[in-house]
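This report refers to the structure that appears directly beneath it.
Throughout, read-outs are computed from the coordinates displayed, never taken from laboratory work. These figures come from a predicted structure and were not determined experimentally. Cβ: placed from backbone, ideal geometry, glycine included. Neighbour counts: every protein chain shown.
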Amino acid sequence: MTDDARQARSRAIALRYDAESDAAPRVVAKGAGLLAEQIIAIAREHGIHVHEDPDLVAVLAKLDLDTYIPEELYRAVAEVLAFVYRVNHRLGSGLAQNPGRTPPP
């Protein structure tokens, strides 16, 4: 695959949500190509779950940085966050120790 083809396919969005301080999840990083790969690599280095959903990424990519997600996306993002919370709870600190590890179904 050429670098141009990889860049056209690869996109990433990073969301942050703190129930105590945030009104809703917000976009804290986004990028395509090499920047997307760096966002994903940094997340994995820090034991942060990487969820692949090209349709959701396409919609979130339209938002500006540091923007709260719109109410229309609450359900989709809540489903992803609920999955991540369940995985983190199930794996405990094992995910942080093995960030490349795939969680069990």
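Among residues of the range 58-84 that are farther than 16 Å from A19 by Cα, those with a Cβ under 6 angstrom from a residue that is part of a helix (DSSP H, G or I), sequence gap 6+ or separate chain, pair up as A76/L56. Selection of the range 16-39 for residues being touching a residue at least 40 places away in the same chain (Cβ under 8 Å) and of a type outside the set (D, E) yields Y17, A23, A24, P25, R26, V27.
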